[in-house]
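First the structure, in the form of structure tokens, and then the observations on it.
The values are calculated or read from the model by the stated rules, or taken from the named source; none is laboratory data. Given the structure is predicted, the values throughout are model-derived calculations rather than measurements. Cβ: placed from backbone, ideal geometry, glycine included. Neighbour counts: every protein chain shown.
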Amino acid sequence: MHRVIASESFASADVSEESARALYRDMIRARQFDERALSLQRRGWMSGYPQFRGQEASQVGAAHALAADDWLFPTYRANAMQLVRGVPMRDILLFRRGRHTLTDNDVRDFPQSVPIATQIPHAAGAAMAADYRDADHAVCAYFGDGATSEGDFHEGMNFAGVFDAPVVFFCENNGWAISLPTQRQTASATLAQKAEAYGFDGVRVDGNDPIAVEQVVTAALERAREGEPVMVESLTYRQGAHTTSDDPSRYEHRQADLPDWRTRDPVARYEEWLRAGDVLDDDRTDTIEAEATAELDEAIAAAESEPRPDPEAMFERVYAELTPQLETQRAQLRALVEREGHPDPVN
Ligand SMILES: Cc1ncc(C[n+]2csc(CCOP(=O)(O)OP(=O)(O)O)c2C)c(N)n1
Ligand SMILES: [Mg+2]
């Protein structure tokens, strides 16, 4: 029932050369960002980083499908999507350095959710609100395979189904939830089929094929706007560790039984397609790489020139008035910083 939608080659895909190159350009921006962010973390520039290597086609394809006035509810791994949406690289880097001062922009992205699946009911609620107000935009919730085991996933899906909310549930199945492989996450044959229990469709797409992902998510958003939510399961693979705090050598990280299209590098495969279709050559790839590097160099320099964050800022944004326990903790932190200096190891 749930075949995996794929375009299989550039030649067989219904896409313009310009759109195909735009997808490639954003995949290179994302790949370069991810590689540099990882090495910055390794030298203590930021405390932790969740790589998305291997998931560039999935995220870039989905983000290309979203309209500027749609809302995205992302997780910590959605940096590639957010780069496409127009969140400045500088802001993503600063967030990882503990700062929340963001460039003034019109990007309709909520903050990244670190608690698993909490953004899913938020997205369903925002979509119900859009419907209630007769707005034209749709909403997209981005989450991983692991999130499908949380109550929030089921509650968000249920509300969306009952209220015909204009929402697309974009589930990026990268094979893992930290050390837990998807086959231990669920006894369902697919994640997409879970949508049927809530009265709407689930579709599966080759998440390493950016053209197919863009087309599938575009179609899903169109249906969502008509009041039919859709769940998209994007099948891709997490090439790296869960985050820089994870050590995948402590568990069996490679899954030998997965098909090649699922585990192959999406950037390399897509570049091969475009070269075979004469859409890309050395000149174009050199320019695209150089432009991405320049953008990144500038963003890193801009982030570095920002003053280091005040550790006490972490107490500022949750409660209008701090609880007595938090007051105590803030005083303890202040005393620690006075005694031992700023906790930031780099500055
Ligand atoms: C509510 C909650 N429980 C547990 C965690 C710890 N945790 C962080 S990431 C993660 C796995 C998430 O896996 P998945 O949803 O597949 O997303 P991926 O990391 O693969 O992108 C878990 C359990 C958390 N952040 N929030
Ligand atoms: Mg996962």
The residue from Arg204, Arg238 that alone is in contact with a His (Cβ under 6 Å, 6 or more places away or on another chain) and of a type in the set (Lys, Arg) is Arg204
Going through the range 162-219 in order, the residues found to be within 16 Å of ligand 1 (Cβ to nearest atom), crowded, with 17+ Cβ neighbours inside 10 Å and at positive phi are Gly175
Flagged pairs (Cβ under 6 angstrom, 6 or more apart or on separate chains; first in the range 55-74, under 14 Å from Ala212 (Cα atoms); second within 15 Å of ligand 2 (Cβ to nearest atom) and among the aromatic types (Phe, Trp, Tyr)) are Ala62/Phe170
Given (1) touching a Leu at 6+ places or on another chain (Cβ under 9 Å); (2) within 16 Å of ligand 1 (Cβ to nearest atom), Asp246 misses just (1)
Given (1) out of contact with any Pro (no Cβ under 6 Å at 6 or more places or on another chain); (2) at pLDDT 95 or above; (3) of a type in the set (Asp, Glu), Glu56 misses just (1)
Taking the range 149-193 and the residues there that are of a type in the set (Phe, Trp, Tyr) and under 27 Å from Ala241 (Cβ atoms), the one that is farthest from ligand 2 (Cβ to nearest atom) would be Phe169
request  = Report whether or not Val60 is in a loop (DSSP other than H, G, I, E, B) and hydrophobic (A, V, I, L, M, F, W, C).
outcome  = no
When the range 68-108 is checked residue by residue, the ones that are within 16 Å of ligand 2 (Cβ to nearest atom) and not in a helix (DSSP H, G or I) are Pro74, Thr75, Tyr76, Arg77, Ala78
When every residue in the range 109-131 that is outside any loop (DSSP other than H, G, I, E, B) and under 22 Å from Gly48 (Cα atoms) is compared, the one farthest from ligand 2 (Cβ to nearest atom) is Asp109
